[in-house]
Amino acid sequence: MDIYYSQLFRSDLLNENIVEAMKAERHDRVKYQRMMEMTTDPVIIKQIKFAYDDEIKHYVMFQQIYYQLTGKKIDIPIPTNIEKHNTLMEAVQSSIEGESEAVDLYREIYALMTDKQMRDKLFEIITDEQEHFGRFIYLYSMIK
Ligand SMILES: [Fe+2]
Ligand SMILES: [Fe+2]
């Protein structure tokens, strides 16, 4: 009985966390779009665009994983009321934190997974977020 309940809890938690991940991916893509509009510097835009392009790929990957786990296809609407930043610097700082939080959440998701192929997908996403983290640190040192 205990094992049954803990497995049930585990899969519920996994599904909930995947929905959170999809929301975060949607949010970040809108945020990075806005950040690219805050500058005309092609070097800065190029760095942000790496993350911008990856977040939609991640969104679709999580959507596929959720479908594999539940048989349900869900879609998160594109957020319109995301937080505003007065300067690009401020947005870059908050993105450093955001990417670091994404890595924490996705490590938790990884730990809840048992399927090898799913874990491989998560590993790819985690590696991408770590790369974004690095790119925002680079931007931080470049802008300040
Ligand atoms: Fe992402
Ligand atoms: Fe990211």
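The values are calculated or read from the model by the stated rules, or taken from the named source; none is laboratory data. Predicted model, so just to flag it, every value in this text is computed and none were measured. Note that each Cβ is placed from the backbone with ideal geometry, even for glycine, and that neighbours are counted across all protein chains shown. Surface accessibility is based on the protein's heavy atoms, side chains included, excluding ligands, DNA and RNA. Shrake-Rupley method; radii C 1.70, N 1.55, O 1.52, S 1.80 Å.
Looking at 56, 45, 126, 137 in this structure, which one is in a helix (DSSP H, G or I), in contact with a helix residue (DSSP H, G or I) (Cβ under 8 Å, 6 or more places away or on another chain), at pLDDT 95 or above and open to solvent by less than 30 Å² (accessible area, probe 1.4 Å)?
The match here is 126.
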> Which one of 102, 111 is more than 15 Å from residue 22 (Cα to Cα) and not basic (Lys, Arg)?
Replying inline: 111
> Among the residues of region 69-80 satisfying the criterion of being open to solvent by less than 80 Å² (accessible area, probe 1.4 Å) and in contact with a Lys or Arg (Cβ under 8 Å, 6 or more places away or on another chain), which is farthest from ligand 1 (Cβ to nearest atom)?
Replying inline: 79
> What pairs come up if the first residue lies in region 117-140 and is without any contact (Cβ under 8 Å) to a residue 24 or more places away in the chain, the second is of a type in the set (Asp, Glu), and their beta carbons are under 9 Å apart, counting only those six or more places apart or on different chains?
Replying inline: 134/99
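Look through 88, 105 and report the one residue that is within 13 Å of ligand 1 (Cβ to nearest atom) and in contact with a helix residue (DSSP H, G or I) (Cβ under 7 Å, 6 or more places away or on another chain).
When all the criteria are applied, what remains is 105.
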> How many residues does region 95-110 contain that are more than 13 Å from the chain's Cα centre (by Cα) and either within 13 Å of ligand 2 (Cβ to nearest atom) or on the phi > 0 side of the Ramachandran plot (or both)?
Replying inline: 0
> Could you say whether any residue in region 111-134 is more than 11 Å from ligand 2 (Cβ to nearest atom) and of a type in the set (Phe, Trp, Tyr)?
Replying inline: yes
>> Checking the conditions here, which among 73, 23, 84 is in a helix (DSSP H, G or I), of a type in the set (D, E, K, R) and at negative phi?
In response: 23
>> Can you report the number of residues in region 12-26 which are free of Cβ contacts under 8 Å to residues at least 60 places away in the same chain and open to solvent by 50 Å² or more (accessible area, probe 1.4 Å)?
In response: 3
>> On the basis of being part of a helix (DSSP H, G or I), over 12 Å from residue 28 (Cβ atoms), open to solvent by less than 60 Å² (accessible area, probe 1.4 Å) and more than 14 Å from ligand 1 (Cβ to nearest atom), does residue 66 make the cut?
In response: yes
> Of the conditions (1) in contact (Cβ under 8 Å) with a residue 24 or more places away in the chain; (2) hydrophobic (A, V, I, L, M, F, W, C); (3) more than 16 Å from ligand 1 (Cβ to nearest atom), residue 8 fails just one. Which one is it?
Replying inline: (1)
